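Quick notes on the structure that follows.
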Amino acid sequence: MTTPIVEQIARLNDRCRQGFDPHARIVVTRTCLARLAGDGDAVRGVVTQAELLAAVRRYSFKPGDGPGRDFGAFELHDQRVLFKIDYYDLDLEFGSEDPADASITRRVLTIMLAEDY
């Protein structure tokens, strides 16, 4: 059973994943980008980033993924890719006191390989 606070966090996380949170940050680890883009040029890197974002946005959560919809894993180009949403204060210095309150929370979505976690 989820609480109203957890449901609010999940809704805000969905907005972050879908690109509707203008204050959210999206980070792709160097290892992840290098492994998926290979030794390609800058264009290949941009295409790979677009593929990663598309995969995160269309990710379908399963019952065992947890109620906050802040973590997921999928396959892309034969690599296991993870994403995680963390909650920070407005200055990105400390953890947020209330992840359910968008007015005091900045979300950081990190896309990484399992070895980066």
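The values are calculated or read from the model by the stated rules, or taken from the named source; none is laboratory data. Note that this is a predicted model, so its numbers are computed, not measured. Methodologically, a virtual Cβ is constructed for each residue, glycine included, from the backbone with ideal geometry; neighbour enumeration extends over all protein chains shown.
The table below lists the values:
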{"read-out": "Cross-chain or 6+ apart pairs with Cβ under 8 Å, segment 57-73 first and at pLDDT below 90, then of a type outside the set (D, E) and not in a helix (DSSP H, G or I)", "value": "D65/F71; D65/G72; P67/T2"}
{"read-out": "Which numbered condition V28 fails, given (1) without any contact (Cβ under 8 Å) to a residue 24 or more places away in the chain; (2) under 15 Å from M112 (Cβ atoms)", "value": "(1)"}
{"read-out": "Checklist (1) under 16 Å from E115 (Cα atoms); (2) modelled with pLDDT under 95 applied to E7, failing item", "value": "(1)"}
{"read-out": "Residue that is nearest to the chain's Cα centre (by Cα), among those in segment 79-109 that are surrounded by 12 or more Cβ atoms within 10 Å (Cβ to Cβ) and among the aromatic types (F, W, Y)", "value": "F83"}
{"read-out": "Positions within segment 76-109 being in contact (Cβ under 8 Å) with a residue 40 or more places away in the chain and at positive phi, in sequence order", "value": "H77, L92"}
{"read-out": "Evaluation of D116 against (1) more than 23 Å from T2 (Cβ to Cβ); (2) of a type in the set (D, E); (3) free of Cβ contacts under 8 Å to residues at least 40 places away in the same chain; (4) surrounded by 13 or more Cβ atoms within 10 Å (Cβ to Cβ) (one fails), failing number", "value": "(3)"}
